[in-house]
DNA sequence: CCGGTTTGGATTGTCAGACAATCTGACAAG
DNA sequence: CTTGTCAGATTGTCTGACAATCCAAACCGG
């Protein structure tokens with residue numbers, strides 16, 4: 001390409017600093033974001049039909065755009081589509097919650113088990129996620145924020161595997177969980193008493209007690225599962 | 001329409017019996033199937049742009065339908081979409097193959113590790129998948145068939161976890177691998193000399209040597225990874 | 001009065017055509 | 001050698017429309 005004769009152009013240094021990847025952009029992405037927000041915030045109940053025409057009008061976009069956005073939600077597991085019957089907001093069954101938790105245990109457990117082999121950036125990311133969570137708890141942030149940060153911490157555990165695909169899978173699982181949580185308001189109050197538990201987990205890891213951390217995580221996930229299932233059963 | 005009073009025109013045919021999963025389904029599904037087939041069969045090279053208009057004409061459907069089908073492929077990881085630049089068939093990089101294999105190891109390892117706790121139907125499914133694979137090898141089935149059955153066996157290992165979601169993830173990973181294999185014809189000849197290896201793995205499990213099976217699987221996956229990466233490097 | 005049938009409205013699946021925004025590449029200008 | 005401009009191609013999105021299908025309520029015979 002460049003026939004650099006004298007001065008080479010190799011990475012002249014950090015000329016630019018922060019520089020974020022620009023905007024999320026496309027209309028369908030924004031539509032999907034808005035729908036996701038509405039679902040996570042509990043603005044829409046589980047099982048509610050998502051009518052294309054109505055959404056198009058409400059969002060101020062055309063029906064094909066809404067249709068594509070709905071396809072995204074369906075692919076993420078936040079909604080279900082039946083032929084000629086439209087898409088409905090997913091209703092978290094007890095079985096699916098149990099399945100999500102089982103899958104979570106496999107992924108997060110794999111991450112924790114690789115604590116020693118993981119790169120320092122990944123370990124640091126776990127500590128950073130915990131910090132963000134505990135800070136938000138201390139600041140008494142909103143319910144949605146706490147949930148997001150809490151689940152982000154769990155995803156960071158999967159990041160210890162160093163596999164982008166596993167992290168993507170964990171993110172998808174966590175989205176489903178967030179959907180379930182959004183529909184069980186009675187868990188709102190319990191949101192922050194888990195901060196100590198997570199801190200203890202990271203302390204075990206920092207003490208290099210991987211086996212202990214694994215056992216702790218398994219118990220933590222099991223109790224979370226039962227709590228959600230119980231709350232769902234009463235809903 | 002037809003107010004058939006007495007004689008209906010419904011192809012009475014062979015009453016029921018087998019009862020297949022109904023029809024070819026929606027147009028976009030069929031379009032996606034056709035594109036998948038073309039990719040897996042190697043009819044399309046990696047990196048090839050998938051032009052919406054051309055595909056619409058070739059498949060005999062409208063552009064929105066093609067667009068949706070392309071969205072499905074992108075969601076499955078078989079293609080990539082860049083804003084205003086269109087959809088291209090994914091080109092399997094060495095990094096992504098390594099990542100897929102790492103993720104595979106986590107999922108399949110988790111399944112094998114749960115061999116004892118798994119239900120008998122799941123264990124039987126593993127044996128059945130192996131049988132189907134070895135039978136196809138003996139019958140010298142086509143390259144595509146062997147690949148599909150081989151990878152189906154690996155997915156069946158994940159099935160030992162009993163988690164539908166983990167199985168779905170494994171299926172997605174395996175699709176990506178199939179994409180990579182489809183673009184490396186030089187591996188065609190090696191397709192069947194792995195049958196013995198798999199038989200040995202199941203034998204270890206049937207002997208209740210889970211740890212041995214895990215070690216065997218790890219080695220098996222590692223060698224497969226290196227083989228594919230090496231073949232890619234020369235492509 | 002009740003069960004099954006039919007009809008109508010609502011919604012989705014798919015299509016056709018169109019327009020603006022954006023990318024690519026080449027070319028001209030400094 | 002870099003920058004600005006332009007034409008062609010392709011995607012992103014919109015409008016409008018039609019057939020197929022599903023849901024529910026009205027309808028009718030027993």
- Could you list all residues from region B:177-229 that are surrounded by fewer than 14 Cβ atoms within 10 Å (Cβ to Cβ), farther than 24 Å from residue B:126 by Cβ and at pLDDT 90 or above? B:226
- Message: Going by what's in this entry, would residue B:111 be described as more than 14 Å from DNA strand D (Cβ to nearest atom) and part of a loop (DSSP other than H, G, I, E, B)?
- Response: no
- Which numbered condition trips up residue A:34, out of (1) without any contact (Cβ under 8 Å) to a residue 12 or more places away in the chain; (2) within 19 Å of the chain's Cα centre (by Cα); (3) within 16 Å of DNA strand D (Cβ to nearest atom)? (1)
- Could you count how many residues in region A:66-92 are assigned to a loop (DSSP other than H, G, I, E, B), within 19 Å of the chain's Cα centre (by Cα) and more than 20 Å from residue B:77 (Cβ to Cβ)? 3
- Note on the structure: Quick count over region B:79-101, residues being in contact with a helix residue (DSSP H, G or I) (Cβ under 6 Å, 6 or more places away or on another chain) and within 16 Å of DNA strand C (Cβ to nearest atom), is 2
- Query: If you take the residues in region B:54-78 that are within 8 Å of DNA strand C (Cβ to nearest atom) and surrounded by 17 or more Cβ atoms within 10 Å (Cβ to Cβ), which one is nearest to the other protein chains (Cβ to nearest Cβ)?
  - Reply: B:68
- Message: Return the residues of region B:79-123 that are over 27 Å from residue B:30 (Cβ atoms), surrounded by fewer than 17 Cβ atoms within 10 Å (Cβ to Cβ) and more than 11 Å from chain A (Cβ to nearest Cβ); say none if nothing qualifies.
- Response: B:93, B:94, B:116, B:117, B:119, B:120, B:121
- Message: Against the definition (farther than 27 Å from residue A:36 by Cβ, crowded, with 21+ Cβ neighbours inside 10 Å and modelled with pLDDT of 95 or more), how does residue A:160 come out, yes or no?
- Response: no
- For region B:121-235, list the helices (runs of 4 or more DSSP H) that sit wholly inside it and hold at least 2 residues that are more than 19 Å from the chain's Cα centre (by Cα) and free of Cβ contacts under 8 Å to residues at least 12 places away in the same chain; which are they? B:195-206, B:210-234
- Message: Quick check on my filter: what residues within region A:50-78 are farther than 25 Å from residue B:25 by Cβ and away from DNA strand D (no atom under 13 Å from the Cβ)?
- Response: A:54
- Query: Of the conditions (1) modelled with pLDDT of 95 or more; (2) more than 16 Å from DNA strand D (Cβ to nearest atom), residue B:43 fails just one. Which one is it?
  - Reply: (1)
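The values are calculated or read from the model by the stated rules, or taken from the named source; none is laboratory data. Note that the structure is a prediction, hence the values are computed from the model and not measured. Methodologically, a virtual Cβ is constructed for each residue, glycine included, from the backbone with ideal geometry; neighbour enumeration extends over all protein chains shown.
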